[in-house]
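Participant: Could you have a look at this structure, given as structure tokens, before my questions?
The values are calculated or read from the model by the stated rules, or taken from the named source; none is laboratory data. Nothing here was measured: the structure is a model prediction, and the numbers come from that model. Glycine also receives a Cβ, built like all others from the backbone with ideal geometry; neighbour counts cover every protein chain displayed.
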């Protein structure tokens, strides 16, 4: 089945020519460059100074998104303290682990990654999109993730990659405020193109005049309201199920995920080193690798994903369980997802079968 739109073409597909080149050129400019530029690896001191500048809402209202992204993450920290001080239990640790690692991890793969960024599937009705968007406690604004992730796919480990793993772990950890916000000087036409990357998620977007005032696609009032509604709903739901003990446990575990997810792209690209394994990592155009932990708990088989970014399934081999794909496929069978991309057959035909045949031929030759 085919989804309605595509964002980044699959690496196996032929070039789209001038149109694709124009798209890459725009993606290279759509993000606001840091003061130290994209070409050289900055020092840790430079990055901390840049962070202080990028979250300073008193210096410029246009810093609101970088500030807010850290605000929501840090606002979850007190729940960790409350959990260990008043509500600690071993079952709470298990529940929190499952919610953060499996629940929120899989949600990130489904909503932010496959739907939000790559339009790998489509919903049959906006209500199912709304439900999926609020499936767990919200932490990451769509705008921060989606546009920068498209840039990452366009120039992985090259100048302009907002979380270039070759520039170190801190470069990736602080990327949401340092390298991921959109550029502040987009023309009206360029802004419209940027809006096109995120409007399918259902967020309320700024007019061009509002963008010039706030420096973002999302408006601070509407985004804050969306986060507040989401948090109030889920705290009330968990409280009704298990009282403050359960609610505090779940919200505390969300903080762990919100911090941990900042390290993923560094680890998912081998820490900037070539750690690809023959017969496992078939995409050789960047340093992405398939890892067991994010693969099994969140369906994030990262090398497979970089090979076929638009695929709603990333677990291509029989042992690569893909929980995000289970959710998408289930919604499809229930009529809530109307179409999707599944590139597993293409992967098997173009990569796995030739690999198996080459191994057999080599073994026969050796004999």
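Participant: Of the conditions (1) more than 26 Å from residue 223 (Cβ to Cβ); (2) surrounded by fewer than 18 Cβ atoms within 10 Å (Cβ to Cβ); (3) in contact (Cβ under 8 Å) with a residue 12 or more places away in the chain, residue 67 satisfies every one except a single condition; which number is it?
Facilitator: (1)
Participant: Return yes or no: is residue 227 surrounded by fewer than 21 Cβ atoms within 10 Å (Cβ to Cβ) and either in contact with a strand residue (DSSP E or B) (Cβ under 6 Å, 6 or more places away or on another chain) or touching a residue at least 40 places away in the same chain (Cβ under 8 Å) (or both)?
Facilitator: yes
Participant: Could I ask something else about it? I'm trying to understand the selection: among the residues of region 69-82, which are touching a helix residue (DSSP H, G or I) at 6+ places or on another chain (Cβ under 7 Å) and in a helix (DSSP H, G or I)?
Facilitator: Matches in region 69-82: 69, 70, 72, 73, 77, 79, 80, 82.
Participant: Residue 42 fails exactly one of the following numbered conditions: (1) modelled with pLDDT of 95 or more; (2) under 23 Å from residue 258 (Cα atoms); (3) out of contact with any strand residue (DSSP E or B) (no Cβ under 6 Å at 6 or more places or on another chain). What is the number of that condition?
Facilitator: Among (1) modelled with pLDDT of 95 or more; (2) under 23 Å from residue 258 (Cα atoms); (3) out of contact with any strand residue (DSSP E or B) (no Cβ under 6 Å at 6 or more places or on another chain), residue 42 violates only (2).
Participant: Also, quick follow-up: Of all residues being under 16 Å from the mean Cα position of the chain (by Cα) and in contact (Cβ under 8 Å) with a residue 40 or more places away in the chain in region 269-295, which is farthest from residue 84 (Cα to Cα)? Just the residue, please.
Facilitator: 288
Participant: Mind listing whichever residues of region 309-341 are part of a loop (DSSP other than H, G, I, E, B), surrounded by fewer than 21 Cβ atoms within 10 Å (Cβ to Cβ) and touching a residue at least 40 places away in the same chain (Cβ under 8 Å)?
Facilitator: Those that are part of a loop (DSSP other than H, G, I, E, B), surrounded by fewer than 21 Cβ atoms within 10 Å (Cβ to Cβ) and touching a residue at least 40 places away in the same chain (Cβ under 8 Å): 335, 336.
Participant: Quick one: count up the residues across region 206-219 that are within 21 Å of the chain's Cα centre (by Cα) and either assigned to a helix (DSSP H, G or I) or within 18 Å of residue 134 (Cα to Cα) (or both).
Facilitator: Of the residues in region 206-219, 1 are within 21 Å of the chain's Cα centre (by Cα) and either assigned to a helix (DSSP H, G or I) or within 18 Å of residue 134 (Cα to Cα) (or both).
Participant: Here is a further query. Quick check on region 144-155. Is at least one of its residues crowded, with 23+ Cβ neighbours inside 10 Å and not in a helix (DSSP H, G or I)?
Facilitator: Scanning region 144-155, I find no residue that is crowded, with 23+ Cβ neighbours inside 10 Å and not in a helix (DSSP H, G or I), so the answer is no.
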